[in-house]
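The values are calculated or read from the model by the stated rules, or taken from the named source; none is laboratory data. Keep in mind that what you see is a predicted model, and the values were worked out from it rather than measured. Backbone-built Cβ (ideal geometry, glycine too); neighbour counts: all protein chains shown. Ligands, DNA and RNA are excluded from the accessible area calculation, which covers all protein heavy atoms including side chains. Shrake-Rupley method; radii C 1.70, N 1.55, O 1.52, S 1.80 Å.
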Amino acid sequence: MAEPIRVVVTGAAGQIAYSLLYSIAKGDVFGKDQPIVLVLLDIPPMVPVLEGVVMELQDCALPLLREVLPTASPDEAFKDCDAAILVGSMPRKEGMERKDLLKANTNIFKVQGAALDKFAKKTVKVLVVGNPANTNCLVAAKSAPSIPKQNFSCLTRLDHNRASSQVAMRCGVSSDKVKNVIIWGNHSSTQYPDVHHAKVDVNGAETDAYDAVKDEAWLRGDFISTVQQRGAAIIKARKLSSAMSAAKAICDHMRNIWFGTKEGEFISMGVYAAGNSYGIAEDLIYSFPVQIKDKTWKIVDGLPINDFSRKKMDATAAELVEERDMALSL
Ligand code: NAX
């Protein structure tokens, strides 16, 4: 059997982690023959809760899970780590200004980036989930200059899965029959879910999503706003934010990093924009269509972009520039 890998999950006492840890520990993400040491990081007041999570993981009696280590120290957590899933962040509290929220999170991701820089393996793959995910990811990457920016990404897979599922339900097919939807930009309500390049398998025939759905008004209207507002709709209904679906998306994202994407398919993730893709400014973490091979992502370039898409891609980029400039000025 392979040597165990060290996987860190931050915000490990929270609700997303509660849905996520079991899937990781049972081999859904890194493979059924890959032993794992799970490191659970949270803030000091949550350490007693972490102890409970550790007990539950032990009680799952999972053969791949070699050790579970709870800690409140980022330095200790990231030591020699192979994969880091940064879920924990400062939630928005009542009356909190956007700037204060950004500031609190910038501080968290600076500290964690610096700890990764100092203690993690240089090959570590870092996935940022905690919001504002794109900007937090940029801050972490900038705070870890010895780790390639290629190793950092942020989660827009939940938005991607939401978009695929909406199209599948509309066409009356299962979600695996829909591929190549794209989430462009920020994981926020300015994100642009785009199906101009998506395909739907309709009775075995690969069909353009626009032809399969046959409702352009819906695709350009309610479809987009439904995906953009889905997180808020779930909070309204459940009185809690998405957790099960977020955990599933995290697993999909990390599994694709580890094992690659399928031939002819692309997925969405927030990655470092170097200024040479789709006219998006450099030095942002922007969600693009990517393909992954040998644990290395590549932006799918050269897709034709119409005026409708252009405007939406630029609007979400503008929001990210503003967020970045504010975060870096703090
Ligand atoms: P919870 O509030 O249930 O859990 C968050 C946990 O993070 C808490 O246990 C808290 O103590 C911990 N934490 C706070 N600061 C920390 C720090 N400095 N180091 C380590 N741990 C720390 O939130 P949950 O529902 O699990 O959501 C976590 C984050 O995911 C939120 O920021 C949320 O907005 C974000 N989301 C991002 C999504 C995405 O697609 N990118 C989708 C789902 C989710 O909304």
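Annotations
- If the condition is being of a type in the set (Ser, Thr, Tyr) and touching a helix residue (DSSP H, G or I) at 6+ places or on another chain (Cβ under 8 Å), then segment 243-288 contributes Ser245, Ser268, Tyr272, Tyr278, Tyr286, Ser287.
- The set of residues in segment 188-216 that are over 22 Å from Thr316 (Cβ atoms), over 23 Å from the mean Cα position of the chain (by Cα) and not polar (S, T, N, Q) comprises Val200, Asp201, Val202, Gly204, Ala205, Glu206, Asp208, Asp211, Ala212, Val213, Lys214, Asp215.
- Among (1) open to solvent by 60 Å² or more (accessible area, probe 1.4 Å); (2) under 15 Å from Leu62 (Cα atoms); (3) not β-branched (Val, Ile, Thr) - the single one Gln15 does not satisfy: (2)
- Flag for Asp252 being farther than 23 Å from Thr106 by Cβ and open to solvent by 20 Å² or more (accessible area, probe 1.4 Å): no
- Residue, surrounded by the most Cβ atoms within 10 Å (Cβ to Cβ), within segment 201-236, restricted to residues that are within 14 Å of the ligand (Cβ to nearest atom) and hydrophobic (A, V, I, L, M, F, W, C): Val227
- Flag for Met46 being open to solvent by 30 Å² or more (accessible area, probe 1.4 Å), without any contact (Cβ under 8 Å) to a residue 60 or more places away in the chain and more than 25 Å from Arg157 (Cβ to Cβ): yes
- On inspection, Cys81 fails the criterion of being free of Cβ contacts under 8 Å to residues at least 60 places away in the same chain and either under 23 Å from the mean Cα position of the chain (by Cα) or open to solvent by 30 Å² or more (accessible area, probe 1.4 Å) (or both).
- Among residues of segment 129-152, those that are within 13 Å of the ligand (Cβ to nearest atom), in contact with a helix residue (DSSP H, G or I) (Cβ under 7 Å, 6 or more places away or on another chain) and open to solvent by less than 10 Å² (accessible area, probe 1.4 Å), counted: 6
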